[in-house]
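First up is the structure itself, then whatever we jot down about it.
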Amino acid sequence: MKQSFQLDLPGRQRERWLDASKHTVRKYVARQRRAPLPQGSDYWDFACRFGSTELESTEVHFATLIALMDAAAARGENAFFISIRGHAAVRGPQTKPSTNLAIEGSGPETPA
């Protein structure tokens, strides 16, 4: 999804257009996550770009996207650009924390 969102339109409330743009982003992501995963994949990952225009957009983490939209509206920007590309990904190996950590003062004390 590549889209520029306008916030200042005549006869429309700015906050409602911001809410509508957030809804569009969430709806796209929900639709992508419902799609069947290719064989050997674990989850859908999203590569996101955000900026005032397509040329000025930079890569951002998906979790920060809504906060960036709010911040752009709070700064008074009239428009912003969002690009979201979903791709299948595989989770890396998880490391378990070691349970053999020696905790000071928990073992038998040795005489000095």
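How many residues are surrounded by fewer than 13 Cβ atoms within 10 Å (Cβ to Cβ), under 20 Å from residue 5 (Cα atoms) and of a type in the set (Gly, Ala, Ser) when one looks only at segment 21-37?
1
Restricted to segment 4-26, and to residues that are over 15 Å from residue 72 (Cα atoms) and polar (S, T, N, Q), which residue is modelled with the lowest pLDDT?
That would be 13.
Do we have residue 15 as loosely packed, with under 13 Cβ neighbours inside 10 Å, assigned to a strand (DSSP E or B) and acidic (Asp, Glu) here?
Answer is no for this residue.
Name the single residue, out of those in segment 38-52 being loosely packed, with under 13 Cβ neighbours inside 10 Å and in contact (Cβ under 8 Å) with a residue 40 or more places away in the chain, that is farthest from residue 22 (Cα to Cα).
Residue satisfying both the conditions and the ranking: 40.
Show the residue pairs that are 6+ apart or on different chains and have beta-carbon atoms under 7 Å apart, the first residue being within segment 53-69 and surrounded by 10 or more Cβ atoms within 10 Å (Cβ to Cβ) and of a type in the set (Val, Ile, Thr), the second being part of a helix (DSSP H, G or I) and modelled with pLDDT of 95 or more.
60/68; 66/22
The values are calculated or read from the model by the stated rules, or taken from the named source; none is laboratory data. The shown structure was predicted, so the numbers you read here are calculated from the model rather than taken from an experiment. Neighbour counts run over all protein chains shown; Cβ positions are idealised from the backbone, glycine included.
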